[in-house]
1. So, in Å, what gap is there between the alpha-carbon centers of the range 64-109 and the range 113-152?
2. When the chain is modelled as a GNM with alpha-carbon springs shorter than 10 Å, which of 83, 33, 59 fluctuates the most?
3. If one takes the longest principal axis of the Cα atoms in the chain, at what angle in degrees, from 0 to 90 and to the nearest 10, does the Cα axis of helix 2-13 lie?
4. Pick out which of 99, 55, 85 has the largest mean-square fluctuation in a Gaussian network model of the chain, springs linking Cα atoms closer than 10 Å.
5. Suppose only helical runs count, i.e. DSSP H with n ≥ 4. What mean residue ellipticity at 222 nm does that imply for the chain under -39500 (n - 2.57) per run, divided by all residues and rounded to the nearest 500 deg cm²/dmol?
6. Would you please give the residues with an amide H less than 5 Å from that of residue 96, counting only those at least 5 places away or on a separate chain, with H modeled from the backbone geometry?
7. Treat the count of other C-beta atoms within 10 Å as a stand-in for reagent exposure and order 21, 159 from fewest to most.
8. Among 118, 41, rank each residue by its count of other Cβ atoms within 10 Å, from fewest to most, as a rough exposure measure.
Amino acid sequence: MRNTLLTICVLVATSPAAASDIAGRASVVDGDTIEIQGKRIRFDGIDAPEARQSCQDATGKSYRCGRVSAEALDAFLAKSRPTACTVTGKSWDRFVAACRRADGADVNRWMVANGHAIDWPKYSRGRYASVQREAKAQKRGIWAGKFEWPCVVRGAKCD
């Protein structure tokens, strides 16, 4: 019996589900990256303005859209804690994941739907395309004015 219980504990602790989920209080790094329990997590399928990035609002006035994106994420996560992320891969020193608040709200989707991030088809395969179209049509967030794609600002390839 004791060996059976030990075997079950080992299997649960090393199962893919246990290894792929990270949950806890999230600290916001930027609009598409958080940290939970010392682990950096990049949101899968989206790209948010860079921290240093400036955009133009509807009147043409420049604003720090990267900071606005990060602040919006922080406020959104604070409304329902903890945050739980399902890891879908790894990129450099970060996990890549789809994340949800404690109330079940999809964090990645919310960022795109509110114009604080864009759908990145290279990684999302269009998963957030419909909510991005709606955000653009409603002129939410960065869609209210002009901006450069975050990947362009980073000097990375966007496709």
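1. The range 64-109 and the range 113-152 have Cα centres spaced 16 Å from each other.
2. Residue with maximal mean-square fluctuation among 83, 33, 59: 59.
3. The angle comes out at about 10 degrees.
4. Its mean-square fluctuation being the largest, the pick is 55.
5. Working: 7 runs with 56 residues, N = 159.
Mean residue ellipticity, 222 nm, calculated: -9500 deg cm²/dmol.
6. Sorted by chain and number, the residues that satisfy this are 42, 88, 89, 90, 91.
7. Final ranking by Cβ density, sparse to dense: 159, 21.
8. 41, 118
None of the figures in this text is laboratory data; all of them are computed from the coordinates on show. Everything numeric in this text was worked out from a predicted model, so none of it was measured. Neighbour counts are summed over all protein chains in view; Cβ atoms, including those assigned to glycine, are modelled from backbone coordinates with ideal geometry.
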